[in-house]
Amino acid sequence: MTDCTKPAHDEMSCDRTQRSTDRPLPRIFALLGYAVFSLVVLAVLLELASWAIWSVAHRSEYPGGSELQAASPAYQGYEWAAEFWQEEPRRQKSRKLYVPFLIWGVTNWHGKYVNNDQGETGVWRRTINPVRDDCKTRQVTVWTFGGSTMYGTGVPDWATLPSSLSRNLNAASSDCVVVSNFGVEGYVTNQELILLMEQLKAGGHPNMAIFYDGLNDAGAAGPSFGPPKPHFYIETTKARIEGSISGRFDFVRDSYTLLLAGAIRGFLFRRHPSRSVLDELHAKAVATVDNYEANLRVAKALGKAYHFRIYCFWQPSLYYGHKPLVPFEQQLPISDPWSRIVTAVYQEAETRAAATGDFIFLGGIFDSVKEPLYIDQGHLGPLGNEVAAQAVAKYIEDHPQN
């Protein structure tokens, strides 16, 4: 210990000792800053390590996202496929656009294969309508609504369901049919109904409106307890609007560290669904289809009031039906908790469609198709969209409405 009372002692050393004794706060703040800095560095390193482990583990099992879709044999024979999948991942990762009441919408995007055009009615995916000389005098306007399968995730503009539908409807009609694609990735029928009302309020007037749904409505029911969700991202949106603590730190929930921790926990403590969860599946399936049919009734009432025809179709998916699966389709994971509620909703929808006739169930239209159609559990390649469009066009042709 330094004795500053002795004359021979260094006065500068005594001054430093005295200042450190009289002013402890700088030392405390320095230690605190060092601790915070160390924690940040540790968190960054942990997140990077978790990202690396997560990426390696998932790629070794099966590719995910755009990698999964690009690997589908549904693209075999298309020379544009490789170049398309250099562009598509960037589009899928582009920023979301906020839209009042609808929460999100279509982002303005232009590429060689995918184009979302700004028009008088908003930003919408481009539909390729056949060019005909009589379009100025004999035009039938068709609006199409749905989620990502209607939007056309995973295919160029010319291969979306609306573009394929336009070719089929024009081939079967003496009138000039102009199809508009109002599909938005992630939408459920709740949002589509609002979108239809907004377009009518803005002065639009179609001759026909087509709804093509099912998978998103079924998925929004969710594999957890409680009623079906009104839309995707409800937890994030609700928490942010209410200003809760979880809403302020929801980015942490999406970190690779927590994703990896959850995966490890699920692997170590695997649990089969409890009886109560399985019992709830039927109730949630009934509630989901009830909500879907209620939306269709409102849409049909609008069609009657505004004098346009309404056609509603329940889309196919890999979770349901008896399609002869190619090896790629066989390897897609369709036995997770999410698939159980989807399957339950599809079963209820098929039963309800046969009983009421309120909508057309297309869950089995691929049962005799041996070619690869799916690029994941729900999205289709060009051939799949063409087959679905043919089924929709054939039904409309065989069932004209007054």
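Coordinate-derived values only; no laboratory data. Everything numeric here is computed off the predicted structure, so don't read it as measured data. So basically every Cβ, Gly included, is an ideal-geometry build from the backbone, and we count neighbours across all protein chains shown.
Contour minus end-to-end for Val40 and Gln331, with contour as 0.36 nm per residue of separation and end-to-end as the Cα-Cα distance?
Values: separation 291, 0.36 × 291 = 104.76 nm, distance 3.98 nm.
Net length gain for the segment: 100.8 nm.
Extension gain, Ala30 to Gln139, is 31.8 nm, computed as 0.36 nm per intervening residue step minus the present C-alpha separation. For the residue pairs Lys93/Lys394; Lys370/Lys394; Lys96/Lys229; Lys96/Lys323; Lys300/Lys370; Lys93/Lys201, alpha carbon separations beyond 24 Å are given by Lys93/Lys394; Lys96/Lys323; Lys300/Lys370; Lys93/Lys201.
Please work out the FRET efficiency for the pair Ile264 and Lys300, using the Cβ-Cβ distance as r and a Förster radius of 45 Å; give the result to the nearest 0.05. Taking R0 as 45 Å, the efficiency between Ile264 and Lys300 is 0.35.
With r as the distance between the Cβ atoms of Lys201 and His110 and R0 = 45 Å, compute the FRET efficiency 1/(1 + (r/R0)^6) and round to 0.05. Intermediate values should be presented prior to the final figure.
On the way: r = 28 Å, r/R0 = 0.62.
Result of the calculation: an efficiency of 0.95.
So who's got an amide H within less than 5 Å of the one on Ile310, skipping anything under 5 residues away but keeping other chains? H placed 1.01 Å off N, in plane. Sorted by chain and number, the residues that satisfy this are Ala209. Arranged from fewest to most other beta-carbon atoms within 10 Å of their beta carbon, Tyr34, Tyr320 become Tyr34, Tyr320. Scalar couplings 3J(HN,Hα) for the stretch 99-113, obtained by applying the Karplus form with A = 6.51, B = -1.76, C = 1.60 to θ = phi - 60°, are 10, x, 6, 8, 6, 9, x, 7, 7, 4, 8, 9, x, 6, 10 Hz; x denotes Gly and Pro.
As a calculated quantity, the FRET efficiency between Glu79 and Glu397 at R0 = 30 Å, using C-beta atoms, amounts to about 0.40.
Using only Cα coordinates, the Kirkwood hydrodynamic radius of the stretch 302-402 works out to 15.0 Å.
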